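Colleague: Shown below is the structure under consideration.
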């Protein structure tokens, strides 16, 4: 896999939100406005890139039995740095994101990429993977935030759109509207990729960070073992 394809796969082909369906909690919670969506997306992307680099650099040092706790410690360290920077320089965004900023620590996109990619590849490839997945996550949140804010609140980045403010669908800024927009965008991406964004063999337990300790296998994986 060349460097460019590693970075680009996270945008559409393996988009962490619309294809892998990961990180749905912040996706639904902070996309009621574009500013919150972009703030969360870029914050998570920064943590993803930095944690991928560090985990890749330490992959031969971290003992296999404690790799998941070690990954979480690394991720938590970078989340703390992002929190402090936002609190100091962008306090309004810090307040707007609230507890969801701290919950980046347990975002399954970040932990999943650490386990599936960074722990198995060199630093450069891991950084590119983090960049691609981070941009894909940010793009997904931006798309959802745009649809929900424009049609639900009649504004964009908090600025009222003339002629639209009286024809809004307020439910789009609420939880049911978030699920509706999420489902529609997943369907659109699936249509664009014709349902072939991921090969069939890539589905199953093998992609789960807890696969090694869980031991569960799908029927397809059992057949492959035979």
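Colleague: Which FRET efficiency value, to the nearest 0.05, is calculated for residue 66 and residue 124 with the Förster distance at 30 angstrom and r the Cβ-Cβ distance? All intermediate terms of the calculation are to be shown ahead of the outcome.
Modeller: Details: r = 26 Å, r/R0 = 0.85.
After rounding to 0.05, the efficiency reads 0.70.
Colleague: Can you tell me the orientation of helix 123-153 relative to the chain, as the angle in degrees between its alpha-carbon axis and the longest Cα principal axis, to the nearest 10?
Modeller: 30
Colleague: Right, another one. I'd like the orientation of helix 175-192 relative to the chain: the angle between its Cα long axis and the longest Cα principal axis, in ° from 0 to 90, rounded to 10.
Modeller: The answer is roughly 60 degrees.
Colleague: What ranking of 113, 36 emerges when the number of other C-beta atoms within 10 Å of each C-beta is taken as an exposure proxy, fewest first?
Modeller: Values: 113 28, 36 21.
Ascending Cβ contact count within 10 Å gives the list 36, 113.
Colleague: Now for a separate question. Can you give me the relative contact order of the chain as a percent, contacts being Cα pairs under 8 Å and 6 or more apart? Please report the intermediate quantities before stating the final value.
Modeller: Working: 308 pairs, mean separation 72.4, N = 226.
In percent, rounded to a whole number, it is 32.
Colleague: Next question, about the same structure. Could you tell me whether segment 1-69 comes out rounded, prolate or oblate from its Cα gyration tensor? Rule is a ≥ b ≥ c as square roots of the eigenvalues, rounded for a/c under 1.5, then prolate if a/b exceeds b/c, otherwise oblate.
Modeller: On the way: a/c = 2.14, a/b = 1.53, b/c = 1.40.
Prolate is the answer for segment 1-69, as a/c is 1.5 or above and a/b outweighs b/c.
Colleague: Right, here's the next one. Residue 83 versus residue 3, label points 7 Å from Cα toward the beta carbon: distance in nm?
Modeller: A separation of 3.5 nm, rounded to one decimal place.
Colleague: Normalised by the residues of segment 1-79, what does the relative contact order come to in percent, with Cα pairs under 8 Å and at least six apart?
Modeller: Numbers: 29 pairs, mean separation 14.6, N = 79.
RCO, segment 1-79: 18 percent.
Colleague: Turning to a different aspect of this structure: Using only Cα atoms and rounding to the nearest 10 degrees, what angle (0 to 90) does helix 34-57 make with the longest principal axis of the chain?
Modeller: That helix lies at roughly 10 degrees to the long axis.
Colleague: For residue 58 and residue 192, what is the calculated FRET efficiency with R₀ set at 35 Å and r taken between the beta-carbons, to the nearest 0.05? Could you put the intermediate results ahead of the total?
Modeller: Details: r = 37 Å, r/R0 = 1.07.
After rounding to 0.05, the efficiency reads 0.40.
Colleague: Please arrange 87, 166, 121 by counting, for each residue, the other beta carbons lying within 10 Å of its beta carbon, fewest first.
Modeller: 166, 87, 121
Colleague: From the helices alone, meaning DSSP H stretches of at least four residues, give me the mean residue ellipticity at 222 nm for the chain, per-run term -39500 (n - 2.57), in deg cm²/dmol to the nearest 500.
Modeller: On the way: 11 runs with 136 residues, N = 226.
Helix-only estimate at 222 nm: -19000 deg cm²/dmol.
All of the numbers you see were taken from the coordinates with simple rules; none came from a lab. These figures come from a predicted structure and were not determined experimentally. Backbone-built Cβ (ideal geometry, glycine too); neighbour counts: all protein chains shown.
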